[in-house]
Each structure stands twice: as C-alpha cells, then as structure tokens.
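J.: Below is a structure I'd like to ask you about.
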Amino acid sequence: MHADDSTQRWRTKPPSVVAVLVAHRGSRWLPQTLASLDALSYRPNTTVLVHDNTDQATRDLLAANAHADRVVVSKDRTGFGAQVAHALESETEAYDWIWLLHDDAVCAPDALSALLDEATKDDSIGIVGPKIREWPSLRRLLEVGVTVTGTGHRETGLESGEPDAGQHDRAQDVLAVSTAGMLVRRDVWESLSGLDPHLPLFFDDIDFGWRANRAGYRVRTAPKAVLFHAEAARNRRRVRRGGIVEHSGERRAAALWTMLANADRHRFVLVSTRLLFGSLLRFVGFLFGKDLRSARGELVAIGHVFGKPGQMSRARGARKPLLRRSNRDLKDLFASFWMPYQHGLDLAASTVQTVVRPEEVETMGLRTLGEDGERDDPVVVELPPWWRRHPWLTCVLGLFAAALVAGRSVVGSPLTSDVLPPAAGSISQWWALLFERTHLVGLGSADQAPAYVNILSALGVPLWFAPGLLTWLLIVLAVPAAALTAHRFGRLISDDRGARMTWAVSYGLLVVVTGAASGGYVGTIIALVILPLFANILLRLVLEPTWPPAITVGLLIAVVAAFAPVAWLLAMVTLGLCAFVARPAARQLALSALIGTVLLGPWLFDRVLSGRIWWEAGNPVDAPATALQVAGGSGGVIGATPAWIAIPLVVLAVAALIPPPTRRAVTVAWIVAVAGLVVGLAASVSTFTPYPGAPAVRAWAGLGAGLWLAGLMTAVLFAWPMLRTRKYRQWAKPAVVMLAIFPILAGGWWVVRGIDDPLQADPVQLVPAFLAAGNGTTVVLTGDSEAGIVADAVVGSGPFLGAEALRTTADREERLHDAVESLLTTPSSDDVEELAKLGVDHLYAPDVDLGLARRIDIAPRLTQKGSDSPSSRVWAITSDAEPEPLPTAGPLRPWISGGWLLLWLVVFVAALPVHRSTEEPQEAQEIE
Amino acid sequence: MTNRVSPRFVLPVLALVLVVVASFVPEPEPATVDGGERAVPVEQASWACPTQQNWTVMAGQVKAGTSAQAVTIPDTAADLAVFSDAASWRSAVPGPQALVLSQEGKSSGPVGYVAGRGTKDQGEGSAFSACPSIIDEAWFVGLADSDRTAAKITLVNLGSERAVADVSWWGELGAIESSDTAGLVVEGGKTKVVEVEAVAAGEAVVAVRVSRRRGALSAIATDAGSGGIEVVAPTSALAKSQVLVGPPTTAGARLAVVNPSTSTAHVKVEVRGPAGSFSAQGLEDIAVPPESVRVVAVPAQVELAQSALSVTSDLPVVASLTVATADDIATVVPASALTGPAAVPTELAGLPVQLVVSAAESAATVEVEDFTAQMESLGTAQVDVAAGSAVLAPKPKMRDSAYRVIRPVGEGKVWVGANWRDKNLIAASVVRPAPLTVIAPGVSVR
C-alpha cells in the first residue's frame, strides 16, 4: 500500500515539526487544548505558544504549561499571521513543517501523525489541513477544506449542521484549509512569505491556500486528522479586548481583497465589476433587512478595497513572481458558479416554509443519527408517507393543483374582464405612469397615477417582460394564497388542526364564492388575501403594543385600500374600536392609521374621500346584487356561487353562539361578520358616479359579502373545540358534515366551472383590431339616445390596469363633450375639426344607435370605415387640423412621485422583519 | 317558554333584519348619463331643393343667421350671392338640378321653399314644396298614380363625403323587388335621380321609402305626368296618427296609404273643416293590405278644400292626399305638429299662399306674423282654432310682406298646411317647424 509506504517513510526519518499555538483571551478552552497536545500520539518537536498579553488568565495558563518549549509575547495589535511569523522568528531549532494551532481547537490524539501521513505522500504537497468538527458537539462537521465562491463567500461545501458519518473521509486537493490545524511545509511558508498581513482576521487561510495553489503547491485535506474547533470568535464566545479587533466590514473587505488580489490579470476588471455591484446589491439588501451595521460594513469594505488601488496593485505585484498556475488551472478547486444561487434557493425555501408553516403529525421515528458517539450509522425508523406527515402542505399542494385546473381556460395570457383591464405591456409602462408628466391615455392626462400603481410597479419588477403574469398569478392562485394567509392566522386562534385547515381552505374559496376571481375584482382578492395577515398582526399589536407591527398594519391598510378604497374606511373603524378596547395600544394604532392614510397620498382624495369609495381598481362596472345574494356571500356577478351554498355555514355559525365557554370569541367573529354584511348590503343598494356626468353604476358588494362569510366561518372555528366536550359531542358528526359542505361545494364549483367568464385570457376588445394596431386615439361611443351616450377616449387598444383611472383635463373633457354632443345633433365640420385638435383619429360605436349613427354620418370630413361587426360603425377623421399639445403636469411631478414611492419604500423597509447579522463585528461584542 | 330572543342571538337576528330591510330597498333607476336628453340650439342647418329650369328657390329664417352658403348641383355659373345674406328673405332662380343651402347662426331656423312650373311633359302644372333637410328615412306615397309617368325621386348629397341610401318600393300588389336601388351611392355634392317608371313600370301607384345608410343625404319626390306636377316633401316616419292639412281643392281627391307591415291595416279618415270634424263617408274603414299601397278616391261630396284630414290606423302607415284640377295636381303629405315657429312665403307668382291651421282634441291658437324681406315685422294676427277643426289664416294685409311666421300659442296642438291656387293651377306644401333646437342625448366623456 502506498499510504503504508509513506507512513513508513516519514516514521523512519521523522520530519521536524514546530507547532505554533496562538492564544487570545482563550483561558476558557486552553486547558483542554493544551491537554490535547500532550495526548498526541506523535508530538511536534517544538511547541511555541504565542499570546498578545491581553489577559492574565491566558498568560498564566501558557506559562504553566509544562510541555511548552517557549512562550512568546507577540507585538500589540497584530493578526494571526503576524503572530505566527513572530513566533517562528524566535525559533532557533531547524524544522521542516509548521503546525498552526488555535487556542480553541482540540486535537485528536493522532492528528499530527495523520497530517504527516498525507503531507509526505508527495513532494508537491505544501499544505495539509485536518477534518474540523464542532466542539463541543464533536459530531457536526465544520470544515474539510474550504474554497470561495465567485461572490467572495467562504464555502465549505457542507450542509448546515451536517454530521460526520465518514462521508468526507477521502483526502483531496482543495483550494485552502483552515489555519486551525494547518500543517505547512517550511519552504512553502517562507516562499509565500506566510499569511498576508492585510488579512489579520479573516480570509488569511483562503488567501494563503490560494497563493500556494497558484505557486504550484498542492493543498490537501487529511480527513484522518481530526480537530475539534469551538470557533469562539465566530460564535461570539470569545470576548475580544485589546490586541487586534475586528472593524466594521472587515470580513467583507477581506473577502473582496482576497478575490481581487488573486484574480487572473485578464479577468481583474470583470471580477472587480462583479464584486462592486454585488456589494452594492448586498448593501441594498442589508438596508431592506434594516441591518444598518452590515450595510455600513459593506460600504466600508467597498471603500477599503476599491478606494485603495495602490495597495491592491502592490499586493497583486507581490503575488505575480510566484504565479505558476492560473485560476483556470484551479477551476476544480473553486465552488461551482451555481453555489451562490443555491444559497438563495435555500433561503427562499426556508422562507416559503416559514410562510406555509407545515402542519406536521407527531412521530416517534424521525431519521436520527446516533448520539452516543458510538453508532456511526444512521438509524432509520419506519415513517408514515410524507403527505400524512405534512397534511397542510399536502392540502396547499392540492389547492395549487386545483387552482391550475380551475384556471385551465385562462392559461398563458394576461387576464382581462369588463372590470379588469389588461396588465401593462411591460413594467416600464407602470413605472412611466408614475413618473411621466404626460400620460398617453384617452385625450392625454396629467393626473397622478393611482396609488396601486406604486405596488404594481414594485411587484412587477421580477416579471419585467411579462407583467401580465402578476395579475394572472394573483387571480389564478388567489384561493391557495388566501388559504395560506388564513391558515397562518388560524394557528393563532385555534389549536384544532382539522378544523383550522378546513377553515383556511373555506376562507381561501371566498374569492371564488364572491365572484371576485371570475369577475377580475383584484381589489377584493387582495383584500381577502391580506385580511388574515392584517388580523394576525393587529391581534399581536393589540396584545403587545410595539412599533414594528404598527407600521406593518399601516402598510397593509394602504396596500388594500389602494386597490379597494372601501377597505380604508373599514380599517379606520376597526383601528378606532381596537384603540377604544385596548388603550395601551392606542398610540401604535394611531400610527397605523396615519401610515395607512398618508401612504395613499392623492389617491385618498381622488377615490377614498370623493364619494367613489366603492370603486375598486379597474373599470367601474355596474354590479347589481340582491340582499339574498349578499347574505349568501355572493357579489351577484357571473361566476359567483349560488347563495344557498352558504346555508350550512350560517346554521353552524348561529349554533356556534350556543356554547357559553367560547361565546365571547364567537361574538367577536359575529360582529365582524355583521359588519361585513352591512358593508355588502350597503354596496348592494348604493350607486356611485365614476366621473362627472357618467351613468351611475351599482357598487360591487363582493368584498362585504366575503367579510360576512369570513366572520361566520371564524365563529364556527372558535366554537369547534366545544364538540370535543361531553355536552356537545353528540353534535360532532352532523357538524363535521355541515362544515365540509361549504368547501366541498365551493371547491367543486371552482374546479368544475373554472374561473373564466367573464374573466378571459384574451384582451377585452374596446376597439377593432385595426384601430388598436394603429395606436391612435379613438373615441368609443356607447349607449343610446335614451340612456345617454358615453364617449370614452382610448389610445390604441385601450388603457392598461392603472391607466384606466386617469382622466384628461376638465377643459378638454368639456370640449370633447361639446364636440360629441354637436356631432350627435347638428354635425358640422367644426365638430370634426375640434376632435382632430383634441388628437382624436377615429370614432367607434360598437353597438350603434342607428339614429345617432345617421347623424354622425352627416358630418363632413368624417369617413365611414369598415368595422368589425354589422352593428358597429367606425368613422375616420380626415381633418387637416393639427392636434394640440397634450396636458402636462408640472416639473415637480417626477419628484413628487419619487417622494411618494420613497415613502412607500421606507414604510415597507420599516415593516420588514429586523435582520441581525450573525457576523457582527467585534466592537459590538466589546460593549459587553 | 318565552317569546323573547335570547341575547346570544341578537347578532343573527340583526343580520336577518338587515337582509330583509335591504330586500325592500327599491332597485336604482336604470343608469343614465347625468342630465339626460335636452334641447340644444341648432348652430348650423342645411336643406336641399330639387330645381328645374326657371324654378324659384326661396330661403329665409325665423331669426337672422350669421352666414349662409348656397351651391347648385351641378355647379353652375348661377349668381347665388343673394343666398349669402342670412338676415333676409331671399329668392333666386338657380337652375337645374338642385340647390343646397347651409346656414349658420344660433337657432336661426333656416327654411327653404321651391316653386315653379312643370315642363310640357310634366303637364305644365305648378309645383310648390318645402325643401327638406337631411333625412334619416323618407316616405313618398301615391307616386305615379293616375298615370303620372314622370314621377321621380331625387337624392341630394349635401355633404362632401359619399352618401349611401336604400330605396324600397311598394305597389298595390305588394312590395316591389328592386335590387338596383339598394345601396345607392351618391357622391359628395352630387344628386341621383331614380325614375319611378324605371323601377316600377306598370305599377298603378307606388310608395317609396328612402333610408339613409350614411352621408348627408336629402330626398324629395317629383310626381308628374300629363295631369300636372307636384314636388312632394318627404314624410319622416310611419305613424298610426297623422294629419294632412290644406288641400287646395276638393276635386279629384285620392287618398293613398302605404302599409309596409305584414298585417292588414285599418285606416279611418276624419275631415276637419271650419265647422268641426266629421267622418268622411266611405273613408270610415279603409283596409290596406299588408305590404302594399291602397288608393281610395274620396267621394266628391266630401268637402276637402282648406280642410284637414285626420288619418288614424291600427298599424303604422303613411298617407298622402292628391287633389287634381283639369290642369294640375297638388299633393298634401302629413304635417307635424308645430312645436315652434315655422316660416312660409307670403305669395307665389303674385298670388297669396294660403295657410290652413288645424287643431285636434283641444282648441289652439297660432300667431301669424308678416315680415318684409328684410325681416321687419309688419304686424301679427292671431288665429284661433276650435277643437277638431281647421280654419284658413287671414291673408296678409300689407303688400310688403315677403314671408309669414306662424307660432303656436299655448298648449293646444296645431298643424299647418300651405296651398296656392291660380285658377286650375294648384299646389300645396307641408309646413314644418323651423329647426331652432334639436334634442341631444346626454353625453358624458372621459
């Protein structure tokens, strides 16, 4: 055997090894560390103990160590590499190998011999590192060699908490090994001039290994050599005082320095650019996570590395003479390009898991590893199938599958309906709507964009070229989304898993029951999806008044009210009641109200306070609903379920009032339900005029109807535990049946009927295709002489979601009104000329009133063109009059919009959960 | 057992009450545009007259307009400058084939009349008619009756864009198929003449409907033959009740009725004379077969001169009355009730135009005001009409009168007809309100 030969070789002529142990305030671990050195089966020839004289206990422990050949006090405020160098300078004996040790790392008895076994296998091997396991668990792997990703992250290649089961016990070439336990050949150390003094705390090991590799030496792992490392600095168990301390951003600066100093010459610019932008992105990420310390560190790191090109140039110059191999030659030693994205996916998966919060059944036989240190093989116990272990996850997956089946007719295209205009063609259109001073909408508009465009613009960024996917996802996946948020809230208010899951699914189906999904009422969908989150955070806020949830509540109010303005009124009433009931939370609730109001900006006056509070995002469409339909949870539109579906739910909710123990909570739910019913019924008997002079339309009652049923089913959920009591146990079976009826019928309706009609995957054709393609301005004339004529100016194929709310100036509206009225009565060339001046290219009457069409026909310079149906007419305007300039907002518009958007962003960031970096700099630790 | 509702069920009961109350809230009115229909002043109006050699076209208005422009079709060198004065009553002889006048001015109410003598083959009779504006639908009934073989329909395009119309025909034996007259195109600023004989050769009598598909189109008929000539103004729509006012004579009266529906219409005619109304013998129940025209000769003993005929039917129809002397004919078409002022010329060829005023169920009053050509008032006469009667308006006393304006006074409905007679030459014209206002639908824009 080769290994045996090697072993034989170095044992017959043992190399001299000098061990250098660097200590800094390590009295907590040093006794065991030093003891492990004493217990080595093969001991170093010389052991040099270095310390920076920062604490008495460490000094005493080192001095008392009987086997130490020498105790060296290093210079003040020097890094690990400098301390090692200082120790070696004092070494007078000849030595072949240097063994670097930390004060918080314990060696296995055969650590050094195993290292030497590997190190002496080949002359090209210059550095060898041990397998490092966690101390004190002793089982978890920490490192078996390290490398670096393209983004400058230290990469061990191990999963978090991965146990050592021998799976990495094959020695291999690596980019670097940790300095804890590193065995380095003396000539290699000297030729590379030791560790880089620019890296006193971090990345010194990676840089050293990287330089060794590029100088033609091999860096190997020796898994048979085991070291147990406490990682006291990383785990914040070492209190650094005196000596060298970590500065803000030092870890990141070390990473950037290492990456750039060792980059190939021809890739230096590319790597610099990538790292610079990556760092800026991280900076933004830290800001979003409100980790201001890390954000500052990132900036400091950028300044430290990129702001000192001379130092970098010298560092690269110093490395240049030693280069024997390019990074391309070492490509197998680097982490794969996919690794940073893998970490991103892991993060996303854990986030999803946090949101879903799977319901898990309790089992006795989870996969475990032997914990007594003697069993090496994992013990696998018989498990139930995963879908039984994760019933809620199974349910959610089922809902997603059902959602795709229900959305079978609207696959692959942006969704539209009479209510829902198509999404913008690209996100840039939404962004433009926010910042442009002139909107090419209708006769031209200088209006401020609706509040919900702020949200659409931000949410749509990841879907830049397919923003239609945003509304598609929102509507098609509305049921699982609402069920997910409901379930999360359900865990707060109920311990009964089965009832809670049924409740969550039933709640999710409300978007179908009301008709919001099939009608394209995105405001109601968003409100129903967010409502459980709102309730969740509001409940926590009332119980434990703090500022972050208050900001979140305000943000949620603004988001929902932007799409469904009536929600603002409901939220204000709710906050007022909560403040009345929970006085200690009054200030926080006031802040929520303030944020929820201020964020709406001009929208508050345009929609919320203008008598058009019923008008949700989208087109104002007549939505008649009877009182019975509202009582059945229906918005009265096509696609809503029949009202009788809700009867079992109503019966159960009434019965829920019977058990005294839960009556208080049930009553609260009933109050919410009745409030929803009031809103729904008020909407069903209300009309609003979307804009001056327009026909009044009946308000959409779906949101109130949804709230009504949500309250009822919550009342049932509150009372459900009573069915387990002796008194009510006899009613359990009928109650279960009745509870199941609603989700079964509503779900069946959803899946069998689908969510199309009136929702469709094709754009609603406001004008014939040839007019839409022309991208000119067409005035669409609808109605008749009795009901009146609505003249709607559209550009191209019509407005996209967000643009439908914009209007032109009052003066241009009046001129269009007069021109159209004259055209419909005593048409003349002046009318046509006026239309041309307003920029109108065509008139289109989709369902023409013949009498009115004949009048329009009379107008000169108005040429009738072929239309898309016998009942429609198109007239082209052939006037030579030049269109007048479109209305333009003031020069402050982009700044005002930017400020508004920034306000949203600030509140959003403030509402995000606080992220605390696990790699806090030392200054913070020194405070203790 | 108690009847009181347990407090725990207050909320469900409240919900129930809310639903019940909301169920009784009345449905909102159908959505209408704010403001609804309203009358708006006419700013600009046009009319077209068919002309022949030496025919006179008269133009006027009830209020001075701001400008006017006249063109002939085809464009001739005729001096039309006189028509540019929108503040006077003017006349000229423009020559063939038609004259189109457009006048601007808020509620000026421009009107036009044409008068002249027929050619030899037209019996050399006299013609007199109001000039129609742009039509949506135009009905002409009784054409070609009594061998008037020179009847024709003249379509005039008042605008610059192409106009299209469908012309449908009915005879005594039913609808007359004519694919040639469907989708007739009249180029901008042109006329198109459809000879009745060319479409309905051999038909004893025809009724014609012109339906405008697009463009600014006017239509007027000329009913002519050896018995005389008349220019027939269009009737705008079928109706179950219509009034034919002012036949200049009783002689040779023939009532033509078209029934385009698929059921037999039963028509009843009542004559309103100075003494009141009476049922015309033989005209109490005229059955008009479906999709056909029926002509009924009015018994000679029924005195029609200067009277009005009230024609009622169980189905929508259009009627016209033709009277004839030995040398000429005159056609009376349904008048529309006066809802505003109307203007008519005072005289033709030195002889006065007579105005017949008729009232229906209630008595009515009209004011007749004479004006000089420069629109200066010469005095007003009041004409009271008893319910169900027809009276002759007094003749103008002043020799300077160029035109008369008739205004309804009070609530009573009145219909007015004009006629003219010079021995055996007779003519009649419908009198319709001047276009001062028009009903506009409510309009909302966004």
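The values are calculated or read from the model by the stated rules, or taken from the named source; none is laboratory data. None of the values given here were measured: they were computed from a predicted structure. Here the Cβ positions follow ideal geometry from the backbone for every residue, glycine too, while neighbour counts run over all protein chains shown. Heavy atoms of the whole protein, side chains included, go into the accessibility calculation; ligands, DNA and RNA do not. Shrake-Rupley method; radii C 1.70, N 1.55, O 1.52, S 1.80 Å.
J.: Return the residues of region B:119-143 that are open to solvent by 10 Å² or more (accessible area, probe 1.4 Å) and farther than 12 Å from B:V232 by Cα; say none if nothing qualifies.
T.: B:T119, B:K120, B:D121, B:Q122, B:G123, B:E124, B:S133, B:I134, B:I135, B:D136, B:E137
J.: Mind listing whichever residues of region B:295-322 are over 18 Å from the mean Cα position of the chain (by Cα) and either at pLDDT 95 or above or among the β-branched types (V, I, T) (or both)?
T.: Passing the criteria: B:V295, B:V296, B:V298, B:V302, B:S313, B:D314, B:L315.
J.: Just for strands (runs of 3 or more DSSP E) wholly inside region B:190-271: which have at least 2 residues that are of a type in the set (K, R)?
T.: Per the criteria, B:206-214.
J.: OK, next. In region A:873-913, which residues are more than 26 Å from A:Q448 (Cβ to Cβ), open to solvent by less than 30 Å² (accessible area, probe 1.4 Å) and either out of contact with any Phe, Trp or Tyr (no Cβ under 7 Å at 6 or more places or on another chain) or of a type in the set (D, E) (or both)?
T.: A:W875, A:A876, A:I877, A:S879, A:A881
J.: Could I ask something else about it? Out of A:R861, A:R854, I need the residue that is over 27 Å from A:S445 (Cα atoms) and charged (D, E, K, R). Which one?
T.: Being over 27 Å from A:S445 (Cα atoms) and charged (D, E, K, R) holds for just one of A:R861, A:R854, which is A:R854.
Here is a yes/no grid of residues against (1) surrounded by fewer than 23 Cβ atoms within 10 Å (Cβ to Cβ); (2) within 12 Å of chain A (Cβ to nearest Cβ); (3) among the aliphatic types (A, V, I, L, M):
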| site | (1), (2), (3) |
| --- | --- |
| B:E29 | yes, yes, no |
| B:A39 | yes, yes, yes |
| B:A48 | no, no, yes |
| B:Q53 | yes, no, no |
| B:T56 | yes, no, no |
| B:G60 | no, no, no |
| B:T66 | yes, no, no |
| B:V71 | yes, no, yes |
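Yes or no, residue by residue, for (1) of a type in the set (A, V, I, L, M); (2) in a loop (DSSP other than H, G, I, E, B):
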{"position": "A:P462", "(1), (2)": "no, no"}
{"position": "A:A466", "(1), (2)": "yes, yes"}
{"position": "A:L469", "(1), (2)": "yes, no"}
{"position": "A:W472", "(1), (2)": "no, no"}
{"position": "A:P480", "(1), (2)": "no, no"}
{"position": "A:A486", "(1), (2)": "yes, no"}
{"position": "A:L492", "(1), (2)": "yes, no"}
{"position": "A:R500", "(1), (2)": "no, no"}
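J.: Quick check on my filter: what residues within region A:647-686 are part of a helix (DSSP H, G or I), facing chain B (nearest Cβ under 9 Å), open to solvent by less than 40 Å² (accessible area, probe 1.4 Å) and polar (S, T, N, Q)?
T.: Across region A:647-686, the qualifying residue is only A:S684.
J.: Considering only residues that are open to solvent by less than 30 Å² (accessible area, probe 1.4 Å) and more than 7 Å from chain B (Cβ to nearest Cβ), which ones fall in region A:794-815?
T.: Selection gives A:V794, A:G796, A:G798, A:L801, A:G802, A:A803, A:E804, A:A805, A:L806, A:T808, A:R812.
J.: If you don't mind, another one. Inside region B:281-373, counting only strands (runs of 3 or more DSSP E) that do not spill past its ends, which hold 3 or more residues that are open to solvent by 10 Å² or more (accessible area, probe 1.4 Å) and among the hydrophobic types (A, V, I, L, M, F, W, C)?
T.: B:292-297
J.: Within region B:129-147, work out how many residues are among the β-branched types (V, I, T) and part of a loop (DSSP other than H, G, I, E, B).
T.: 2
J.: Give the residue, chosen from B:A434, B:A440, B:A427, that is under 17 Å from the mean Cα position of the chain (by Cα), of a type in the set (G, A, S) and under 27 Å from B:K106 (Cβ atoms).
T.: B:A434
J.: Scan B:A182, B:A239 and give me the residue that is without any contact (Cβ under 8 Å) to a residue 24 or more places away in the chain, over 26 Å from B:Q122 (Cα atoms) and out of contact with any helix residue (DSSP H, G or I) (no Cβ under 8 Å at 6 or more places or on another chain).
T.: Going through B:A182, B:A239 in turn, the sole match is B:A182.
J.: Also: Working carefully through the options A:A694, A:A699, A:A631, find the one that is open to solvent by 10 Å² or more (accessible area, probe 1.4 Å) and within 30 Å of A:Y452 (Cβ to Cβ).
T.: Checking each option against the conditions leaves just A:A631.
J.: Restricting attention to region A:775-792, which residues are more than 7 Å from chain B (Cβ to nearest Cβ) and either hydrophobic (A, V, I, L, M, F, W, C) or crowded, with 22+ Cβ neighbours inside 10 Å (or both)?
T.: If the condition is that a residue be more than 7 Å from chain B (Cβ to nearest Cβ) and either hydrophobic (A, V, I, L, M, F, W, C) or crowded, with 22+ Cβ neighbours inside 10 Å (or both), then A:T777, A:T778, A:V779, A:V780, A:L781 are the ones that fit.
J.: Another question about this same structure. Within region A:98-117, track down each residue that is surrounded by 24 or more Cβ atoms within 10 Å (Cβ to Cβ), under 14 Å from A:W10 (Cα atoms) and either of a type outside the set (G, A, S) or in contact with a His (Cβ under 6 Å, 6 or more places away or on another chain) (or both).
T.: Of everything in region A:98-117, those that are surrounded by 24 or more Cβ atoms within 10 Å (Cβ to Cβ), under 14 Å from A:W10 (Cα atoms) and either of a type outside the set (G, A, S) or in contact with a His (Cβ under 6 Å, 6 or more places away or on another chain) (or both) turn out to be A:L112, A:L115, A:L116.
J.: A further question follows. Within 14 Å of another protein chain (Cβ to nearest Cβ), part of a helix (DSSP H, G or I), over 27 Å from B:V186 (Cα atoms) and open to solvent by 60 Å² or more (accessible area, probe 1.4 Å), is that true of A:D818?
T.: Yes.
J.: If you check A:R314 against the conditions, is it in contact (Cβ under 8 Å) with a residue 60 or more places away in the chain and open to solvent by 70 Å² or more (accessible area, probe 1.4 Å)?
T.: Spelling it out, it is not the case that A:R314 is in contact (Cβ under 8 Å) with a residue 60 or more places away in the chain and open to solvent by 70 Å² or more (accessible area, probe 1.4 Å).
J.: Looking at region B:92-99, is at least one residue away from chain A (no Cβ under 14 Å), open to solvent by 60 Å² or more (accessible area, probe 1.4 Å) and either within 30 Å of A:G693 (Cβ to Cβ) or touching a strand residue (DSSP E or B) at 6+ places or on another chain (Cβ under 9 Å) (or both)?
T.: yes
J.: When you scan region A:171-210, how many residues do you find that are open to solvent by 30 Å² or more (accessible area, probe 1.4 Å) and within 19 Å of A:S124 (Cα to Cα)?
T.: 8
J.: Which of the residues belonging to region B:427-443 are in contact with a Ser or Thr (Cβ under 9 Å, 6 or more places away or on another chain) and either farther than 13 Å from B:A337 by Cα or within 11 Å of chain A (Cβ to nearest Cβ) (or both)?
T.: B:A427, B:A428, B:S429, B:P435, B:L436, B:T437, B:V438, B:I439, B:A440, B:P441, B:G442
J.: Now, a different point. Given the options A:V84, A:V22, A:V18, name the one that is under 23 Å from A:G126 (Cα atoms), in contact (Cβ under 8 Å) with a residue 24 or more places away in the chain and touching a helix residue (DSSP H, G or I) at 6+ places or on another chain (Cβ under 6 Å).
T.: A:V22
J.: Oh, and also: Contact list please: Cβ distance under 7 Å, first residue in region B:118-136 and touching a residue at least 40 places away in the same chain (Cβ under 8 Å) and within 14 Å of chain A (Cβ to nearest Cβ), second residue buried (at least 21 other Cβ atoms within 10 Å of the Cβ) and part of a loop (DSSP other than H, G, I, E, B), pairs at least six apart or on different chains.
T.: Qualifying pairs under 7 Å: B:P132/B:A233; B:P132/B:P234; B:S133/B:P435; B:I134/B:L158; B:I134/B:A216; B:I135/B:P234.
J.: Just the residues that are modelled with pLDDT of 90 or more, of a type in the set (S, T, N, Q) and in a loop (DSSP other than H, G, I, E, B), please, taken from region B:85-112.
T.: If the condition is that a residue be modelled with pLDDT of 90 or more, of a type in the set (S, T, N, Q) and in a loop (DSSP other than H, G, I, E, B), then B:S88, B:S107, B:S108 are the ones that fit.
J.: Looking only at region A:724-738, decide whether some residue is among the β-branched types (V, I, T), out of contact with any strand residue (DSSP E or B) (no Cβ under 6 Å at 6 or more places or on another chain) and open to solvent by less than 30 Å² (accessible area, probe 1.4 Å).
T.: Scanning region A:724-738, I find no residue that is among the β-branched types (V, I, T), out of contact with any strand residue (DSSP E or B) (no Cβ under 6 Å at 6 or more places or on another chain) and open to solvent by less than 30 Å² (accessible area, probe 1.4 Å), so the answer is no.
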